Amino acid sequence: MQDFELDSNPSMICSNKIAGFLVGRAHNLEAMDRLASCLNGTTWCPERPVILSSYIYIGFELEKMSPPGGEMIWFKSVLEMVENEGYIILHIHDYPVFADASRLVPDLVHMYWAEEKRVVSCVLDPRCIADYVPTIDGPDLSLDVPQEERGTIPHARLFATTWWGSYPQWWGHGRAFMVNPDPNEWFSWNPLGTAWSLTPYDYPNNTFLPWSIENVCKVSPYTPHEERKDIVLIFAKHTRIFRDARIKPDFWNSDVVKALPFKFITTAQVVDDIPVPEGLNSLGAMSPEDYDVLLGSVKAVVGIGSPNISPTVYSALCQGTPVVLPIYEEVETNELVKLYGLRYSQHPMAVALGRPYVHTYMGNNQTQLIEAVKQAMEVDLNTRFIPPKMREPFVRKGVQHVLAIDFETRASDAIVANGRNVPAHRNHTRVHLLQRNDLEIIANGTRPRWTEDSMGLGKLMKDEAGH
């Protein structure tokens, strides 16, 4: 099969190639039509109109996979607002092709968005990153890489799209980060700094890419407090959450719970043959629309530790339903940890909203849990509550701000601050990822070739030839 020339018409190449991936295929085809209109002057677009994504949750959102996770809900509003600013998002999940794709239209890509460890892989891969530097005290992997195979993605435009953010491991996000020699270190997926982490919450020193559920949650009718049932919803995706919670499963069938004048329910799905705790009724998986209706029909929504950070909290508040969450540190002297650290509480950003919206209990204290639930059930918010930073006007301005940041100047400043050397990861990071099989480095002789077969486009090409 004949290779495509990389200096051919970029619109033709991309529409025939990038659009060929199964995840986001339909979106990419439509996006390439818009890019073609942009390049030929039919429609306006920014000077660098392309955002090249390799963040799988963007692909999942483009495919409308269900049930949607928090990352998908984040980008549901972000993608629309980004495209309203004239930018065109292309999604490629395959790492080698993502690394190589910028060769097609390098001057058109404004930002590269990728999953956290994929950013590290690219930074450590001379066939991905343009300004490659070896890890500190590590091997130089570029020695046997021909110049024509060198990467073209610049550090300055490579961003980790991360639900968890970048900050010290001891704050409580240990599972989301790589083990560091120093847990107090501010770890950054892009070694230029934590500003190259795009986050859904206003984590300190990261770059806040805000989002909103305002338009979605308002679709469900608001139910006045007096019309609601004396029911409390425990939000949990699956039964493993009950098994691992600090509140033990047998509590839900205890005499104390049986004597309460209200009822607990859940929508947890059975996994790993772990049953729903006795005493609880699970309604099972629901569509997002039906789940919003459920959130608006109960008098309180309770978390028991997991998911660590969940949009359910904000969906409940938007339906006018108070939330109850566990805390784990009764006194926290570090204000940043109190606001953002999972060692302090479940969903600390929501806990910071305080009463009457969010009530708390000590994580394993059953008595406090019951009292907090009773207090929450008595609250009549009398309206929907959407935090100011999640309202549509704020989000629109926030997205515009991120798109307008001069990250190349910031990258130059970071290099100057590092003794005029491009910052690098420690070799410890590379070794740790290798041990976990989480490092993707393009091997010799395996750089993608832009052929019809390699992109799975035989049928598409035949269809186009028939028109």
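Quick one: would you say Glu80 is without any contact (Cβ under 8 Å) to a residue 24 or more places away in the chain, closer than 29 Å to Met65 by Cα and open to solvent by 10 Å² or more (accessible area, probe 1.4 Å)?
It is true that Glu80 is without any contact (Cβ under 8 Å) to a residue 24 or more places away in the chain, closer than 29 Å to Met65 by Cα and open to solvent by 10 Å² or more (accessible area, probe 1.4 Å).
Sort out which residues of region 22-55 are small (Gly, Ala, Ser), open to solvent by 40 Å² or more (accessible area, probe 1.4 Å) and touching a strand residue (DSSP E or B) at 6+ places or on another chain (Cβ under 9 Å), and write them in order of number.
None - no residue of region 22-55 is small (Gly, Ala, Ser), open to solvent by 40 Å² or more (accessible area, probe 1.4 Å) and touching a strand residue (DSSP E or B) at 6+ places or on another chain (Cβ under 9 Å), so the list stays empty.
Which residue is most open to solvent (accessible area, probe 1.4 Å), if the candidates are limited to region 170-198 and must be in a helix (DSSP H, G or I) and modelled with pLDDT under 75?
The qualifying residue most open to solvent (accessible area, probe 1.4 Å) is Arg175.
I need every pair where a residue in region 277-298 that is closer than 22 Å to Thr383 by Cβ has its Cβ under 6 Å from the Cβ of a residue that is surrounded by 20 or more Cβ atoms within 10 Å (Cβ to Cβ) and hydrophobic (A, V, I, L, M, F, W, C), sequence separation at least 6 or different chains.
Matching pairs, first to second residue: Asp292/Cys217; Leu295/Ala316; Val298/Leu233.
Only one residue in Arg384, Arg355, Arg396 is part of a loop (DSSP other than H, G, I, E, B), open to solvent by 60 Å² or more (accessible area, probe 1.4 Å) and either free of Cβ contacts under 8 Å to residues at least 12 places away in the same chain or out of contact with any strand residue (DSSP E or B) (no Cβ under 7 Å at 6 or more places or on another chain) (or both), so which one is that?
Arg355
Are any of the residues in region 239-254 closer than 22 Å to Met377 by Cβ, open to solvent by 20 Å² or more (accessible area, probe 1.4 Å), at pLDDT 95 or above and hydrophobic (A, V, I, L, M, F, W, C)?
no
On the given criteria, is Ser306 within 30 Å of Thr162 (Cα to Cα) and surrounded by fewer than 21 Cβ atoms within 10 Å (Cβ to Cβ)? Step through it out loud before you land on a result.
Values: within 30 Å of Thr162 (Cα to Cα): yes; surrounded by fewer than 21 Cβ atoms within 10 Å (Cβ to Cβ): yes.
So Ser306 passes the test.
Looking at this structure, is Trp164 within 27 Å of Ile51 (Cβ to Cβ), open to solvent by 20 Å² or more (accessible area, probe 1.4 Å) and part of a loop (DSSP other than H, G, I, E, B)?
yes
Anything in region 135-149 that is open to solvent by 50 Å² or more (accessible area, probe 1.4 Å), in a loop (DSSP other than H, G, I, E, B) and on the phi < 0 side of the Ramachandran plot? List them, or say none.
Residues satisfying the conditions are Pro139, Asp140, Leu141, Leu143, Asp144.
Would it be correct to say that Asn205 is assigned to a loop (DSSP other than H, G, I, E, B) and open to solvent by 20 Å² or more (accessible area, probe 1.4 Å)?
Against the criterion (assigned to a loop (DSSP other than H, G, I, E, B) and open to solvent by 20 Å² or more (accessible area, probe 1.4 Å)), Asn205 qualifies.
Going residue by residue through region 196-211, is there one that turns out to be in contact (Cβ under 8 Å) with a residue 24 or more places away in the chain, among the small types (Gly, Ala, Ser), over 30 Å from His428 (Cβ atoms) and in contact with a strand residue (DSSP E or B) (Cβ under 8 Å, 6 or more places away or on another chain)?
The answer is no, given that none of the residues of region 196-211 is in contact (Cβ under 8 Å) with a residue 24 or more places away in the chain, among the small types (Gly, Ala, Ser), over 30 Å from His428 (Cβ atoms) and in contact with a strand residue (DSSP E or B) (Cβ under 8 Å, 6 or more places away or on another chain).
Within region 56-134, considering only helices (runs of 4 or more DSSP H) that don't extend past its boundaries, which have at least 3 residues that are under 19 Å from Pro46 (Cβ atoms) and either in contact with a strand residue (DSSP E or B) (Cβ under 7 Å, 6 or more places away or on another chain) or at pLDDT 95 or above (or both)?
Correct list: 70-84.
The values are calculated or read from the model by the stated rules, or taken from the named source; none is laboratory data. Fair warning: this is a prediction, and the values are worked out from it, not measured in the lab. For neighbour counting, all protein chains shown are included, and Cβ atoms are generated from backbone atoms with ideal geometry for every residue, glycine included. Calculation scope for accessible area: heavy atoms of the full protein, side chains included, ligands and nucleic acids excluded. Shrake-Rupley method; radii C 1.70, N 1.55, O 1.52, S 1.80 Å.
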